[in-house]
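Below: the structure, in structure tokens.
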């Protein structure tokens with residue numbers, strides 16, 4: 001059960017909910033965004049079949065995706081789905097080099113569906129999530145090298161892991177969403193606590 005919960009990446013899910021508030025999504029849209037994200041994660045795990053993670057049943061991601069699309073009923077969801085499908089190939093070049101950008105595109109389309117494609121917050125979401133996922137690659141440099149996954153840090157000649165850089169970037173994105181949302185700082189502190197205590201549940 002802990003293994004499956006870890007695959008949902010609660011630390012990232014808390015950040016995503018803050019992001020949804022920041023872009024002004026209503027309650028149904030927030031649920032839709034969460035379900036789209038969970039569907040993406042489950043499909044990713046089902047496709048990659050990591051030996052250190054319990055296999056997700058085949059059709060769970062489909063159910064979450066269908067309900068998510070219904071609740072987040074925007075044309076931009078097409079862009080999100082295309083980006084999600086591309087990201088599944090992140091273990092293979094050339095997608096392994098651009099996987100952080102693809103994740104940024106996912107968030108861009110989620111924001112653009114509500115705020116518009118030229119809204120500065122949509123562009124900010126793209127930049128912040130791209131940077132955060134590049135930090136994720138920096139965290140896993142040696143692991144990716146061992147698994148022969150070519151990432152940007154390896155291309156740039158990095159030869160060690162930067163274990164804490166990803167969670168620091170996670171704190172930064174959550175701070176940005178909190179600041180833009182205008183909600184009480186108590187919510188930000190709650191999100192930080194969730195992230196600190198759930199970050200290492202996900203097996204890597």
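The numbers here are math on the coordinates, done by the rules we state, and not lab data. Keep in mind it's a predicted model, so treat the numbers as computed, not measured. Cβ placement follows ideal geometry from the backbone for every residue including glycine, while neighbour counts extend to all protein chains displayed.
Cα atoms only, the stretch 125-189: Rg and Dmax in Å?
Cα-based Rg and Dmax for the stretch 125-189 come out at 14.5, 44 Å.
Given the -39500 (n - 2.57) contribution per DSSP H run of 4+ residues, what per-residue ellipticity at 222 nm results for the chain, rounded to the nearest 500 deg cm²/dmol?
-23000 deg cm²/dmol
Sorted by average packing, counted as other Cβ atoms within 10 angstrom per residue and highest first, what order do 96-104, 140-148, 175-183 take?
Ranking, from highest mean packing down: 96-104, 175-183, 140-148.
Largest first and in whole Å, what are the equivalent-ellipsoid semi-axes of the stretch 2-201 based on the Cα gyration tensor, each being the root of 5 times an eigenvalue? Can you show the working numbers first?
On the way: eigenvalues 122, 78, 61 Å².
After diagonalising the Cα gyration tensor, the semi-axes are 25, 20, 17 Å.
Rg(Cα) of the stretch 1-112 divided by 2.2 N^0.38 Å? It would help to have the intermediate numbers written out before the result.
On the way: Rg = 13.6 Å, N = 112, 2.2 N^0.38 = 13.2 Å.
Output field value: 1.03.
Quick one: in the stretch 48-149, what % of C-alpha pairs are over 22 Å apart?
Pairs farther apart than 22 Å: 40 percent.
Could you let me know the centre-to-centre spacing of the stretch 43-82 and the stretch 109-126, using Cα atoms, in angstrom?
22
Quick check: the angle from helix 10-22's long axis to the longest principal axis of the chain, C-alpha only, nearest 10 degrees?
30
Any idea what the relative contact order of the chain is, in percent, if you count C-alpha pairs under 8 Å spaced at least 6 apart?
Relative contact order comes out at 28 percent.
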